[in-house]
Amino acid sequence: MMVSPSLLAADFANLQHDIDMINRSDADMLHLDVMDGVFVPNISFGFPVLKAVQRVCTKPLDVHLMIVEPQKFVTRVRDIGATIMNVHQEACLHLDRTVQEIKQAGMKAAVTLNPATPVSTLVDIIGELDMVLLMSVNPGFGGQKFIENTLAKVRRLKALIAESGSNAKIEIDGGVNLETGARLTEAGADILVAGSFVFNSPDPISTIQKLRELQIKS
Ligand code: DX5
Ligand code: ZN
């Protein structure tokens, strides 16, 4: 299992300390949650912080934009060194164009679905995507309870990816811990985002390691 710890749960008064921990850990990437107070009812951080994070972080940056009109920021997200740019399906009127622009900018293109947005909405674009991010909580806040329906969505998405011959990876975001993570692993997830479970744990490096060790049992 790949793991993308979410910086949203870090100590914002001591980001250097928490990013050093991520650098020393086996985390596969660092998940960065940008919120605009319009698409979601919260505001987190923006480009000045992303730029500072990029200077000290040695992991690939997995940028999750919870903002309206994310297509306006493709170049700026590329310029802060993002490896993956996640845009919400619900925020993109011309999703195909935005996905092409992200790829032309040299980043991996990921589309994020809110809990109530069906997987079937991706049927005509799945072949173009590097990753699909399924929200397993309503976006805007860390520390929320995992929505159980996500497991059925992972299975439906896995089937869609298989039948379309897409190479898209499946990433899950919200309420991830070892228990939900084990069930998501069985359902077919490839990457787990974890915020509070990692940063609030007594030993975040070993928590990341435990999540990475999750594998399909059957
Ligand atoms: C929520 C964010 C998540 C958040 C997850 O809107 O997209 O990435 O940090 O937090 P936890 O892991 O605490 O549910
Ligand atoms: Zn996120």
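The values are calculated or read from the model by the stated rules, or taken from the named source; none is laboratory data. Every value quoted in this text rests on a predicted model; they were computed, and no experiment measured them. Cβ coordinates were reconstructed from backbone atoms using ideal geometry, including for glycine residues, and neighbour counts include every protein chain displayed. Surface accessibility is based on the protein's heavy atoms, side chains included, excluding ligands, DNA and RNA. Shrake-Rupley method; radii C 1.70, N 1.55, O 1.52, S 1.80 Å.
Rounded to the nearest 20, the size of the Cβ-charge dipole of the chain about its Cα centre is 140 debye, with Lys and Arg at +1 and Asp and Glu at -1.
Counting helices only, and only those DSSP H runs with n ≥ 4, report the 222 nm mean residue ellipticity of the chain as the sum of -39,500 (n - 2.57) divided by its residues, in deg cm²/dmol to the nearest 500. Intermediate values should be presented prior to the final figure.
Numbers: 8 runs with 74 residues, N = 218.
When only DSSP H runs of four or more count, the value is -9500 deg cm²/dmol.
FRET efficiency for residue 163 and residue 90, Cβ-Cβ distance as r, R0 = 22 Å, nearest 0.05? In this case the efficiency is close to 0.35.
Can you work out the accessible area per residue across the range 2-212, with the rest of the protein chains kept in place, probe 1.4 Å, in square angstrom?
Values: 9000 Å² over 211 residues.
Per-residue accessible area for the range 2-212 comes out at 43 Å².
From most to least packed by mean Cβ count within 10 Å, the peptides 20-27, 89-96, 191-198 give 191-198, 20-27, 89-96.
Separation of the alpha carbons by more than 19 angstrom is noted, of 103/169; 72/169; 72/103; 51/145; 108/169, for 72/169; 51/145. Projecting each Cα onto the charge dipole of the range 2-212 (Lys/Arg +1, Asp/Glu -1 at the beta carbon, about the Cα centre), which of 112, 68, 168 comes out farthest on the positive side? Result: 168, furthest along the dipole toward the positive end.
Quick one: compute the contact order of the chain, relative version, from alpha carbon pairs under 8 angstrom and 6+ residues apart, as a percent. Before the final figure, lay out the partial values.
Numbers: 438 pairs, mean separation 49.0, N = 218.
Averaging sequence separation for qualifying contacts and normalising by length gives 22 percent for the chain.
A cut-off of 5 Å between modelled amide H atoms, ignoring neighbours fewer than 5 places along the same chain, links residue 194 with 4, 6.
Quote to one decimal, in nm, the extra length available between residue 55 and residue 206 on full extension: 0.36 nm per residue of separation minus the C-alpha distance between them.
51.9 nm
Within the range 156-199, which residues have the backbone N less than 13 Å from the label spot 7 Å out from residue 217 along Cα→beta-carbon, could you tell me? Flagged as within label range: 179-187. Taking only the C-alpha atoms of the chain, Rg followed by Dmax gives 15.9, 46 Å. Within the range 49-131, what whole-number % of the accessible surface is contributed by carbon and sulfur, with the 1.4 Å probe and all protein chains included in the calculation? C and S atoms contribute 48 percent here. GNM remark for the chain: springs join alpha carbons under 10 Å apart, and the peak mean-square fluctuation among 65, 30, 50 falls on 50.
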